[in-house]
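One structure is given below, encoded as structure tokens.
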Amino acid sequence: MIIVLKPTANREEIDHIVNMIEKVGLKTNVSTGEMQTIIGVIGDKTKLANYPIASLASVEKVLQVSKPYKLASRDFHPSDTIIEVNGVKIGGGNLGIMAGPCSIENEKQMSEIAEKVKSSGANFLRGGAYKPRTSPYSFQGLEEDGLKILKKVGKKFDMSTVSEVMDTSVVLLISKYVDILQIGTRNAQNFALLKAVGKTDKPVLLKRGMSMTIEEWLMSAEYIMSEGNQNVILCERGIRTFETAYRNTLDLMAIPVLKEKTHLPVIVDPSHAAGLWQYVTPMALASIAAKTDGLMIEVHNNPEIAVSDGAQSLKPDKFAILMDEIKKIAPVVGIGHNIV
Ligand code: PEP
Ligand code: MN
């Protein structure tokens, strides 16, 4: 249920309604816009049956929300959510460009890549320390040693960091080292993990499950948000279809559809969708044209010997060209003022 207040509603009237709702055991989400305040009500609304909210002087109208996700819904929060990480904004036209290798391998590798991607315009450094590999015999990540490298290199180049958390047992450990917690495609419906990251104060980058519908994805965001953490960034990274010519099908339609349904920032990872580096740049540019809020791009200084995902990694010089093209296309669609 959504309560739209009249533009004249004052603080006292807003608090009165919020208290009334919370007294019967329901939760509220107050969104204060420039013109109007909206109060979202979460929980069993029949508890409010005896409260004539619609007839209060400060209330313009009461709307019923049939969507199963509430906090993630644009109905509850009409303006775009802008997530700020150490002064860098993502959302509302600000682009978060996250670049770096699939796996953190060593400090030299991370430093070389960070220096290059930063000078091309990336504003976040990515790198996996806990790797979700299809085979248990593949490289599994440097774990805490990798996180230490990521933190050190991020600091050296003044870049905020992103790394994947695969298990509830390491949520707090990873939170000590990184600025954004990534939930990978394979864990996108690991509800215990979603709740655990929802209890932290770190922004969460929630990748789309490889077979997830948009609604299921938003329900996963709702799991995180219902624990108190409202800073969720959705990341389209390709879904499973019948097509085998590339790794996954990048669902760019998800961008405008999500923009309609949710206020959360939506970014795109063309690297894990493509599986091959030569498809990454065109799909990154298409994402910018579709007004994504950011990109996650795998970049490696020596992809031939990368321990994971070398085939889809851009070399730093190709990433630099991509950034130049982004800087041309983004202003045409009215986004990216923070990177040009
Ligand atoms: C990654 O970003 O390194 C990764 C494993 O991504 P995904 O979960 O999208 O496969
Ligand atoms: Mn990867």
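The values are calculated or read from the model by the stated rules, or taken from the named source; none is laboratory data. This one's a predicted model, so the numbers in the text were calculated from it and none came from an experiment. Please note: Cβ atoms are built from the backbone with ideal geometry, for glycine as well, and neighbour counts cover all protein chains shown.
For segment 21-63, a tally of residues being in a loop (DSSP other than H, G, I, E, B) and modelled with pLDDT of 90 or more returns 6. Scanning segment 106-131 for residues that are touching a residue at least 40 places away in the same chain (Cβ under 8 Å), more than 14 Å from ligand 1 (Cβ to nearest atom) and of a type in the set (Lys, Arg) yields LYS116, LYS118. Please work out if ARG240 is within 16 Å of ligand 2 (Cβ to nearest atom) and not aliphatic (A, V, I, L, M). Criteria not met by ARG240.
Among the residues of segment 277-290, are any within 16 Å of ligand 2 (Cβ to nearest atom), of a type in the set (A, V, I, L, M) and out of contact with any strand residue (DSSP E or B) (no Cβ under 7 Å at 6 or more places or on another chain)? Outline the logic, then answer.
Of all residues in segment 277-290, those within 16 Å of ligand 2 (Cβ to nearest atom) come to 277, 279-280, 283-284.
Remaining after also requiring of a type in the set (A, V, I, L, M): 280, 283-284.
Now narrow it down to the ones that are out of contact with any strand residue (DSSP E or B) (no Cβ under 7 Å at 6 or more places or on another chain): 283.
Within segment 277-290, one or more residues are within 16 Å of ligand 2 (Cβ to nearest atom), of a type in the set (A, V, I, L, M) and out of contact with any strand residue (DSSP E or B) (no Cβ under 7 Å at 6 or more places or on another chain).
Scanning segment 287-316 for residues that are closer than 18 Å to ASN106 by Cβ, in contact (Cβ under 8 Å) with a residue 60 or more places away in the chain and of a type in the set (Asp, Glu) returns GLU298, ASP309. Of all the criteria given as (1) within 16 Å of ligand 1 (Cβ to nearest atom); (2) buried (at least 16 other Cβ atoms within 10 Å of the Cβ); (3) closer than 19 Å to GLY100 by Cβ, the one not satisfied by ASN248 is (3). Only one entry in GLY128, GLY198, GLY184, GLY154 is out of contact with any strand residue (DSSP E or B) (no Cβ under 6 Å at 6 or more places or on another chain) and modelled with pLDDT of 95 or more, namely GLY198. Scanning for something in contact (Cβ under 8 Å) with a residue 60 or more places away in the chain and among the aliphatic types (A, V, I, L, M), does segment 271-286 turn up at least one residue? There is no residue in segment 271-286 that is in contact (Cβ under 8 Å) with a residue 60 or more places away in the chain and among the aliphatic types (A, V, I, L, M). Might you let me know whether segment 14-21 holds any residue that is closer than 30 Å to ILE335 by Cα and under 30 Å from the mean Cα position of the chain (by Cα)? Within segment 14-21, none of the residues are closer than 30 Å to ILE335 by Cα and under 30 Å from the mean Cα position of the chain (by Cα).
So is GLU216 touching a helix residue (DSSP H, G or I) at 6+ places or on another chain (Cβ under 7 Å), touching a residue at least 24 places away in the same chain (Cβ under 8 Å) and of a type outside the set (S, T, N, Q) or not? For GLU216, the condition - touching a helix residue (DSSP H, G or I) at 6+ places or on another chain (Cβ under 7 Å), touching a residue at least 24 places away in the same chain (Cβ under 8 Å) and of a type outside the set (S, T, N, Q) - is not met. Of all residues in segment 301-334 being in contact with a strand residue (DSSP E or B) (Cβ under 8 Å, 6 or more places away or on another chain) and in a loop (DSSP other than H, G, I, E, B), which is surrounded by the most Cβ atoms within 10 Å (Cβ to Cβ)? The qualifying residue surrounded by the most Cβ atoms within 10 Å (Cβ to Cβ) is SER313.
Residue-level check: of (1) assigned to a helix (DSSP H, G or I); (2) without any contact (Cβ under 8 Å) to a residue 40 or more places away in the chain; (3) under 22 Å from ARG74 (Cα atoms), GLN189 misses just (1).
Evaluate the following for GLU112: is it out of contact with any helix residue (DSSP H, G or I) (no Cβ under 7 Å at 6 or more places or on another chain), surrounded by fewer than 24 Cβ atoms within 10 Å (Cβ to Cβ) and modelled with pLDDT of 95 or more? If you could, list the steps in order and put the result at the bottom.
Numbers: out of contact with any helix residue (DSSP H, G or I) (no Cβ under 7 Å at 6 or more places or on another chain): yes; surrounded by fewer than 24 Cβ atoms within 10 Å (Cβ to Cβ): yes; modelled with pLDDT of 95 or more: yes.
For GLU112, the condition - out of contact with any helix residue (DSSP H, G or I) (no Cβ under 7 Å at 6 or more places or on another chain), surrounded by fewer than 24 Cβ atoms within 10 Å (Cβ to Cβ) and modelled with pLDDT of 95 or more - is met.
The residue list THR134, THR161 contains one member that is without any contact (Cβ under 8 Å) to a residue 60 or more places away in the chain, in a loop (DSSP other than H, G, I, E, B) and within 16 Å of ligand 1 (Cβ to nearest atom), which is THR134. In segment 80-97 there is at least one residue that is at pLDDT 95 or above, within 16 Å of ligand 1 (Cβ to nearest atom) and surrounded by 21 or more Cβ atoms within 10 Å (Cβ to Cβ).
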